[in-house]
Amino acid sequence: GESVGLHLPTLSVQEGDNSIINCAYSNSASDYFIWYKQESGKGPQFIIDIRSNMDKRQGQRVTVLLNKTVKHLSLQIAATQPGDSAVYFCEETSYDKVIFGPGTSLSVIP
Amino acid sequence: GAGVSQSPRYKVAKRGQDVALRCDPISGHVSLFWYQQALGQGPEFLTYFQNEAQLDKSGLPSDRFFAERPEGSVSTLKIQRTQQEDSAVYLCASSLSLAGGARRETQYFGPGTRLLVL
């Protein structure tokens with residue numbers, strides 16, 4: 001496996017605003033993508049996924065956008081709440097490889 | 001139902017000591033993954049089982065790392081002669097998938113074992 005980068009990007013958002021977390025993926029063969037939320041002391045928790053035959057998928061308060069042309073993935077969180085504060089990881093998956101991004105720390109300001 | 005559980009949650013080892021980390025996957029889950037997560041980084045793949053078969057161990061960093069899942073349920077990750085660079089959180093995940101594309105199924109993660117090697 002691979003994990004790119006040693007520094008954790010951070011994003012501070014006012015409560016109630018929308019958050020956008022970005023991820024650049026590396027493997028052109030990746031065809032399945034997942035966003036995870038990881039709180040301190042816990043394992044990653046599945047948020048939403050998207051397959052490569054789609055470019056947008058919506059969940060409850062979350063939307064994932066996939067741009068295969070530039071190998072870019074984003075997670076949008078609507079009406080961000082204090083409970084959304086965590087580290088968010090993207091994961092790209094192909095048949096034989098799983099790669100996690102470096103993570104983004106989201107801090108929600110009350 | 002119960003999620004993935006891991007034990008111990010914390011382990012402090014002296015350099016050179018052997019450690020064994022346990023993972024109890026969700027009942028009925030065919031696939032089991034181990035990851036290593038260093039502080040401030042994303043998880044890195046170590047190894048993958050489908051039932052008792054270890055299908056991919058390409059991520060194991062050295063021959064000091066060994067994983068097994070003898071009965072296709074509980075798995076143990078063993079690290080021999082631990083080094084300081086082994087300090088990390090070791091995550092286990094399981095997924096239901098029976099197919100060869102198991103990596104494309106939703107994985108459910110345990111809370112991890114935080115290993116500190118002094």
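The values are calculated or read from the model by the stated rules, or taken from the named source; none is laboratory data. Fair warning: this is a prediction, and the values are worked out from it, not measured in the lab. Note: ideal-geometry Cβ built from the backbone for every residue, glycine included; neighbour counts use all protein chains shown.
So B:Phe45 fits all but one of (1) buried (at least 19 other Cβ atoms within 10 Å of the Cβ); (2) more than 14 Å from B:Leu116 (Cβ to Cβ); (3) at pLDDT 95 or above; (4) of a type in the set (A, V, I, L, M, F, W, C); what number is the exception?
(3)
Working carefully through the options A:Ser26, A:Ser12, A:Ser19, find the one that is under 25 Å from B:Tyr35 (Cα atoms) and more than 10 Å from chain B (Cβ to nearest Cβ). Don't jump to the end; show me each part of the working.
Numbers: A:Ser12 fails: under 25 Å from B:Tyr35 (Cα atoms); A:Ser19 fails: under 25 Å from B:Tyr35 (Cα atoms).
Unique residue meeting the criteria: A:Ser26.
For B:Gly16, state whether it is part of a loop (DSSP other than H, G, I, E, B), over 13 Å from the mean Cα position of the chain (by Cα) and within 13 Å of another protein chain (Cβ to nearest Cβ). Explain how you work it out, then say what you get.
Working: part of a loop (DSSP other than H, G, I, E, B): yes; over 13 Å from the mean Cα position of the chain (by Cα): yes; within 13 Å of another protein chain (Cβ to nearest Cβ): no.
It is false that B:Gly16 is part of a loop (DSSP other than H, G, I, E, B), over 13 Å from the mean Cα position of the chain (by Cα) and within 13 Å of another protein chain (Cβ to nearest Cβ).
Which one is surrounded by the fewest Cβ atoms within 10 Å (Cβ to Cβ) among residues in the stretch B:19-42 that are within 14 Å of chain A (Cβ to nearest Cβ) and hydroxyl-bearing (Ser, Thr, Tyr)?
Within the stretch B:19-42, the match that is surrounded by the fewest Cβ atoms within 10 Å (Cβ to Cβ) is B:Ser31.
Go through A:Thr80, A:Thr69 for me and flag whichever is part of a loop (DSSP other than H, G, I, E, B), without any contact (Cβ under 8 Å) to a residue 40 or more places away in the chain and more than 14 Å from chain B (Cβ to nearest Cβ). I'd like the intermediate steps shown before the answer.
On the way: A:Thr80 fails: without any contact (Cβ under 8 Å) to a residue 40 or more places away in the chain.
When all the criteria are applied, what remains is A:Thr69.
Select from the stretch A:85-105 the residues that are more than 13 Å from every other protein chain (Cβ to nearest Cβ) and surrounded by fewer than 21 Cβ atoms within 10 Å (Cβ to Cβ) and list them in ascending order. Talk me through it step by step, then tell me what you get.
Pass one, the stretch A:85-105, residues more than 13 Å from every other protein chain (Cβ to nearest Cβ): A:85-86.
Answer for the stretch A:85-105, where residues must be more than 13 Å from every other protein chain (Cβ to nearest Cβ) and surrounded by fewer than 21 Cβ atoms within 10 Å (Cβ to Cβ): just A:Ser85.
Being more than 30 Å from B:Thr113 (Cβ to Cβ) and modelled with pLDDT under 95 narrows it down to one of A:Ser94, A:Ser40, A:Ser74, A:Ser52, so name that one. Step through it out loud before you land on a result.
On the way: A:Ser94 fails: more than 30 Å from B:Thr113 (Cβ to Cβ); A:Ser40 fails: more than 30 Å from B:Thr113 (Cβ to Cβ); A:Ser74 fails: modelled with pLDDT under 95.
On inspection, the qualifying residue turns out to be A:Ser52.
So which residues in the stretch A:33-84 are among the hydrophobic types (A, V, I, L, M, F, W, C), within 14 Å of A:Leu106 (Cα to Cα) and either in contact with a Leu (Cβ under 6 Å, 6 or more places away or on another chain) or crowded, with 19+ Cβ neighbours inside 10 Å (or both)?
A:Trp35, A:Leu75, A:Ile77
Examine the stretch B:66-77 for a residue that is buried (at least 19 other Cβ atoms within 10 Å of the Cβ) and of a type in the set (Phe, Trp, Tyr), and state whether such a residue exists.
Checked the stretch B:66-77: no residue is buried (at least 19 other Cβ atoms within 10 Å of the Cβ) and of a type in the set (Phe, Trp, Tyr).
Is there a residue being small (Gly, Ala, Ser) and over 26 Å from B:Gln6 (Cα atoms) anywhere in the stretch A:94-110? Before you say what the answer is, go through the steps one by one.
Here is the first cut: in the stretch A:94-110, the ones small (Gly, Ala, Ser) are A:94, A:101, A:103, A:105, A:107.
Checking the rest, the ones that are also over 26 Å from B:Gln6 (Cα atoms) come to A:94, A:107.
So far as the stretch A:94-110 goes, yes, one or more of its residues are small (Gly, Ala, Ser) and over 26 Å from B:Gln6 (Cα atoms).
Based on what the data block shows, is B:Tyr48 in contact with a Pro (Cβ under 7 Å, 6 or more places away or on another chain), outside any loop (DSSP other than H, G, I, E, B) and under 22 Å from B:Gly3 (Cβ atoms)? Before you say what the answer is, go through the steps one by one.
Numbers: in contact with a Pro (Cβ under 7 Å, 6 or more places away or on another chain): no; outside any loop (DSSP other than H, G, I, E, B): yes; under 22 Å from B:Gly3 (Cβ atoms): yes.
For B:Tyr48, the condition - in contact with a Pro (Cβ under 7 Å, 6 or more places away or on another chain), outside any loop (DSSP other than H, G, I, E, B) and under 22 Å from B:Gly3 (Cβ atoms) - is not met.
Quick one: which residue in B:Arg64, B:Arg81 is touching a Gly at 6+ places or on another chain (Cβ under 8 Å), more than 22 Å from A:Tyr36 (Cβ to Cβ) and of a type outside the set (Val, Ile, Thr)? Walk me through it before giving the result.
On the way: B:Arg64 fails: touching a Gly at 6+ places or on another chain (Cβ under 8 Å).
Every option except B:Arg81 fails the conditions.
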